[in-house]
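Have a look at the structure below before the remarks.
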Amino acid sequence: MKLVKQLAALLAVVAVFALFNFSMYRVFTGRLGNNFSGASQLKSVEVANYLPFQPESDLARVDASVKLTGDLPVLDGAAALVPVYASVIENLYPQGSVTYEGGTFSSDNYYGENFAPDSAMQYNNTVRGYKAIVDGDTDLFFGAGPSEDQKKYAQEQGVELVYVPIGREAFVFFVNQANPVDGLTADQIRDIYAGDCTNWKDLGGPNRAINPVARIAGSGSQTRMEKFMGDRPFGPKSPFALTGGSIGYSFRFYLEGMVQSSSVKMLALDGVYPSLENIQSGDYPLVSEFYAVYRADNDNENIPILLDWLLSPEGQEMIAATGYIPVS
Amino acid sequence: MKDRTFYRVLAAVVALCTVLTLAHVAYGAWAYQNSSIVQFIAKEPW
């Protein structure tokens, strides 16, 4: 009888730990993954799906009247804009100008995507991409506007960056598809991220904590969110918020066109849903320009040719065909 | 099982479970920094 009690005690201890770990897996660990392979590394985009000169690549092809030769600018960009700058290469660059090597995740290959050093296409995403353009490792960076730290880094290096708006995109907020809340006001969202509104019941939802999810500092969406918050600082988050219903933010095409998760839904903002029609009409209130960025002292003669083409009807047709909104 | 033996086994089991749980927590903290918020929200239990 004593042995039975002892074994029961041991099993109870194991069961308590198992229950804790299972709960943590359900609420937290099991939800950690990237958008494309399911692994936990930061793979924000499956670059292999957007490689130029591959017939199966998901790129916008137009009948371009311009073809670049000579010193080809090295293009880089944010994850959300890989389809755009890869399409630029597809339409304007000669075959063989891109060498993709794939690769595994490492400190040198942060996104698990490698291009040969002499490839005209690179992928550093926003945080590393802004550093690369300032350092002169790339010629044109495609992305959202820079963060204060990124501007400061350029100033410290004595580099002037030129920002050319080439398209527009909506900044959107999203929640799990099962969340009954379909829309919020801008002030309500600021209240959430400032820590002043912490329960969905105050917003017409269920009695459940709100988990406001942020992105890494310096990413395009985080920089845009900081601009949206204005003077209001991000509030501290309770650790128990992890068990609550989350809200996050991103750019529309990245969420809807590239990741395409049917388990999340975009929220209407101030009563306006971020549909393509509402964005184009100007009814949706949060629409930002995205840029092609280059060093003012970069004398590559193909840069103005490429930019002139991007802003031409052909180039803007390509922007629209990728799923973004033309700048004009 | 003698009491002394039982307590040794109990201590070993608790130690092992604690190490595994801490490893789980450490993995979660690392993976959270490297994961997509879209997936985090998409897989949310409701």
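Here, each number is a calculation from the coordinates, and none is a lab measurement. No experiment lies behind these values; they were computed from the predicted model shown. No Cβ is skipped: glycine too gets one built from the backbone with ideal geometry, and neighbour counts run over all protein chains shown.
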At q = 0.09, 0.11, 0.15, 0.17 Å⁻¹, what log₁₀ I(q)/I(0) does a Debye calculation on the Cα points of the range A:1-117 give, no solvent, two decimals?
-0.44, -0.55, -0.78, -0.91
Under 5 Å between amide H atoms, partner at least 5 residues away or on a different chain: which partners does A:Gly218 have, H built in plane at 1.01 Å?
A:Thr223
Between the helical axis of A:82-92 and the dominant principal axis of chain A, each derived from Cα atoms, what acute angle in degrees is found, rounded to the nearest 10?
20
Amide H contacts of A:Tyr249 (H built 1.01 Å from N, under 5 Å, at least 5 apart or other chain):
A:Phe174
Take chain A, connect every pair of alpha-carbon atoms lying under 10 Å apart with a spring to form a Gaussian network, then pick out the residue of A:Met229, A:Met318, A:Met121 with the largest mean-square fluctuation.
A:Met229
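Can you list, largest first and rounded to whole Å, the semi-axes you get for the range A:170-281 by taking the square root of 5 times each eigenvalue of its Cα gyration tensor?
21, 17, 14
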Mind sorting A:Leu19, A:Leu311 by how few other Cβ atoms lie within 10 Å of their own Cβ, fewest first?
A:Leu19, A:Leu311
Normalised radius of gyration for chain A, please: alpha carbon Rg relative to 2.2 N^0.38 Å, two decimal places.
1.15
Any chance you could list P(r) for the range A:78-204, counting all Cα-Cα pairs in 5 angstrom bins from zero, rounded to whole %?
2, 8, 14, 16, 13, 13, 12, 10, 7, 4, 1, 0
Between 0 and 90°, nearest 10: helix A:220-229 axis offset from chain A longest Cα axis:
70
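For the range A:233-302, would you read off the P(r) tail past 16 Å as a percentage of all alpha carbon pairs? Write out the running numbers ahead of the final one.
Details: 1621 of 2415 pairs.
For the range A:233-302, the fraction of Cα-Cα distances above 16 Å is 67 percent.
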Which aspartates and glutamates have a Cα lying under 13 Å from the Cα of A:Lys265, excluding residues fewer than 8 positions away in the same chain?
A:Asp182, A:Glu256, B:Glu44
Taking the range B:1-45, how much of its Cα-Cα pair set, in percent, is spaced more than 13 angstrom apart?
68
Roughly how many Å is it from the Cα centre of the range A:140-213 to that of the range A:61-116, as a whole number?
27
Here the range A:242-248 yields Karplus 3J(HN,Hα) values (6.51, -1.76, 1.60; θ = phi - 60°; whole Hz; Gly and Pro given as x) of 4, 8, x, x, 8, 9, x
If you put +1 on each Lys and Arg Cβ and -1 on each Asp and Glu Cβ, how big is the dipole of chain A around its Cα centre, in Debye rounded to 20?
2160
Under 5 Å between amide H atoms, partner at least 5 residues away or on a different chain: which partners does A:Phe290 have, H built in plane at 1.01 Å?
A:Ile166, A:Gly167, A:Arg168, A:Glu169
Candidate lysines - alpha carbon under 24 Å from A:Lys131, same-chain residues fewer than 8 apart omitted:
A:Lys43, A:Lys151, A:Lys152, A:Lys227
Between the alpha-carbon centers of the range A:267-328 and the range A:1-19, tell me the distance in whole angstrom.
62
Once phi is turned into θ = phi - 60°, what whole-Hz ³J(HN,Hα) does the Karplus curve with 6.51, -1.76 and 1.60 give for every residue of the range A:147-162, x standing for Gly and Pro?
7, 4, 5, 5, 4, 5, 4, 4, 4, 4, 8, x, 10, 9, 9, 10
For the range A:205-265, report the translational diffusion coefficient in µm²/s to the nearest whole number, using Stokes-Einstein at 4 °C, 1.567 mPa s, and a Kirkwood Rh over Cα pairs.
98
Cross-link reach from B:Lys2 to lysines, straight Cα distance under 25 Å and at least 8 residues apart if same chain, gives A:Lys2, A:Lys5
Is the C-alpha gyration tensor of the range A:100-158 telling us rounded, prolate or oblate? Criteria: a/c under 1.5 is rounded; beyond that, a/b larger than b/c is prolate, otherwise oblate.
prolate
Per-residue ellipticity at 222 nm attributable to helices in the protein assembly as shown (runs of n ≥ 4 DSSP H, -39500 (n - 2.57) apiece, nearest 500 deg cm²/dmol) works out to -11500 deg cm²/dmol
